[in-house]
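Chemist: This is the structure I have questions about; it appears just below.
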Amino acid sequence: MADDTQAYKGPKRVFSGVQPTGDLHLGNYLGALKKFVALQDDMECVYCIVDLHAITVWQDPKELADQTRQIAAAYLASGVDPAKAIVYNQSAVRAHSELAWYFNCVARIGWLNRMTQFKDKAGKNSEKMSVGLYDYPVLQAADILAFKATHVPVGEDQKQHLELTRDIAAKFNHDFNAPNFFPLCEPLIKGPGARIMSLRDGTAKMSKSDPSDNSRINLTDDADKIAKKIRKAKTDAGEMPADIEGLEGRPEIANLVGIYAALAERTDADILAQYGGQGFGGFKSDLADVAVAALQPITDLMVRYLSDPEELNRILAKAADRATEIADPIVADVRKIIGFCGS
Ligand code: AMP
Ligand code: TRP
């Protein structure tokens with residue numbers, strides 16, 4: 001596999017996506033958005049708002065466009081620069097849906113049956129879920145490969161979907177005897193913030209779908225709310241450990257230390273050296289200050305971007321044209337490789 005990755009000779013390109021389904025939270029920011037910003041100076045970056053993925057579960061048509069602009073505003077407020085990166089919504093670029101169909105005929109049912117995110121989302125009701133929810137990872141592969149993206153910044157929960165993307169790329173290249181046509185993309189997961197946990201349960205991922213709002217810090221929370229949620233965050237009966245070994249078996253403390261370190265751009269060990277042996281009060285109060293200092297400017301900027309929806313629409317539409325210019329020739333090549341009449 002490693003050899004194949006290197007064998008691809010095309011340009012390096014970054015692709016990632018976020019669904020327009022509800023408020024973004026600290027996990028999305030640290031696991032995805034912060035990494036998006038860091039990459040945009042070094043490579044061509046394509047950052048999509050994946051509204052086709054969103055409709056795999058019911059979305060109110062009256063709210064979908066607003067939710068899409070909400071994510072666009074979060075991208076821009078976090079520092080994604082539309083003059084550098086391509087920021088658009090997926091449904092505006094036909095290549096995604098078209099390539100997803102071709103990949104439906106490449107991916108195997110056995111591969112999709114192993115996807116844990118579908119099992120988690122569907123629970124006991126898998127028979128009642130949309131076919132789209134089951135097929136979700138194939139569309140994700142199409143997103144990435146419609147741009148021949150080589151690097152994909154995501155949180156830890158997307159690891160399995162990216163492995164599937166590599167499997168689809170490799171099988172397409174092999175079955176159609178098109179060596180290295182699609183790159184085998186490299187996930188960019190590592191680093192602080194890859195897996196932020198719930199503030200109420202250190203063993204559960206921080207998630208939009210957690211019924212408790214106190215489990216997460218939303219990018220739309222004001223300073224008071226952020227401070228209150230951190231004060232209420234679950235800890236345990238001990239005190240702050242002084243070193244990494246002391247985090248063993250203490251998932252809530254490890255999570256809070258990880259959040260502090262990621263936001264302040266310091267190491268866990270550094271934070272522990274500062275607070276080791278103390279109670280949680282002072283640490284939490286400082287963490288609240290760090291979180292407010294990092295997130296408040298983003299929240300304020302988001303409000304400013306959202307006050308001009310027409311401007312956001314213009315930014316998205318312009319970027320969709322740029323995205324189409326890249327993806328259309330790639331999908332046209334796919335049609336030729338498959339051998340369609342007239343292609
Ligand atoms: P989603 O909200 O599911 O569309 O996720 C958008 C991005 O945020 C993806 O790259 C996810 O991997 C990432 N993400 C979601 N939740 C978390 C979390 N708790 N910790 C770190 N990254 C996350
Ligand atoms: N499935 C991703 C998530 O839920 C969103 C996504 C869709 C994505 N297409 C993508 C992420 C392509 C990276 C690359 O977070």
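Bear in mind these aren't lab numbers, they're just calculated from the coordinates by the rules spelled out. All values reported here derive from a predicted model rather than from experimental measurement. Using ideal geometry, Cβ is built from the backbone for each residue, glycine included, and neighbour counts are taken over all protein chains shown.
Chemist: Sorting C341, C185 on the 10 Å Cβ count, fewest up front, what's the list?
Modeler: By the 10 Å Cβ count, ascending: C341, C185.
Chemist: Another question, if that's okay. Could you calculate the contour length gain from N214 to M43, that is, 0.36 nm times the residue separation minus the distance between their Cα atoms, to one decimal place in nm?
Modeler: 57.9 nm
Chemist: Rounded to the nearest Å, what's the spacing between the alpha carbon centres of segment 214-245 and segment 125-178? Just the number, please.
Modeler: After rounding, the separation between the Cα centres reads 35 Å.
Chemist: Once you charge only the Cβ atoms, +1 for Lys and Arg and -1 for Asp and Glu, what is the size of the charge dipole of segment 1-139 about its Cα centre, to the nearest 20 debye?
Modeler: 280
Chemist: If you put +1 on each Lys and Arg Cβ and -1 on each Asp and Glu Cβ, how big is the dipole of the chain around its Cα centre, in Debye rounded to 20?
Modeler: The calculated dipole for the chain is roughly 640 debye.
Chemist: Would you work out which of G110, Y8, T150 lies farthest towards the positive end of the dipole of the chain, given +1 charges on the beta-carbon of Lys and Arg and -1 on that of Asp and Glu, about the Cα centre?
Modeler: G110
Chemist: Here's something else I'd like to know. Rank by packing, highest mean first: peptides 245-256, 106-117, with packing defined as the count of other Cβ atoms within 10 Å averaged across residues.
Modeler: 245-256, 106-117
Chemist: If R0 is 45 Å, what FRET efficiency do you get for A83 and D224 from their C-beta distance, rounded to 0.05?
Modeler: It comes out at approximately 0.80.
Chemist: Once Lys and Arg get +1 and Asp and Glu get -1 on their Cβ, which of N313, P251, G339 lies farthest toward the positive end of the dipole of segment 205-343?
Modeler: Of N313, P251, G339, it is G339.
Chemist: Further question on the same structure: Summing -39500 (n - 2.57) over the DSSP H runs of n ≥ 4 in the chain and dividing by its residue number, what mean residue ellipticity at 222 nm do you reach, to the nearest 500 deg cm²/dmol?
Modeler: -16000 deg cm²/dmol, from helical runs alone.
Chemist: Continuing with the same structure: Given the peptides 84-90, 194-200, arrange them by the average over their residues of other C-beta atoms within 10 Å, most packed first.
Modeler: Sorting 84-90, 194-200 by mean packing, highest first, produces 84-90, 194-200.
Chemist: Here's another thing I want to ask about it. Taking amide H positions as placed in the peptide plane 1.01 Å from N, state which residues far from M197 in sequence (5 or more) or on other chains have amide H under 5 Å from it.
Modeler: M206
Chemist: Something else: Say each of D328 and V303 gets a label point 7 Å from the Cα, pointing the same way as Cα to Cβ; how far apart are those two points in nm?
Modeler: Calculated label separation equals 4.1 nm.
Chemist: Residues in segment 24-41 near a label at D66, defined as backbone nitrogen under 17 Å from the 7 Å Cα→Cβ point?
Modeler: Within reach of a label on D66, which here means backbone N under 17 Å from a point 7 Å along Cα→Cβ, segment 24-41 contributes 24.
Chemist: With N set to the number of residues, divide the alpha-carbon radius of gyration of the chain by 2.2 N^0.38 Å and report two decimals.
Modeler: 1.04
Chemist: F176 to A237: FRET efficiency via 1/(1 + (r/R0)^6), r the Cβ-Cβ distance, R0 51 Å, to the nearest 0.05?
Modeler: Between F176 and A237 the formula returns 0.25.
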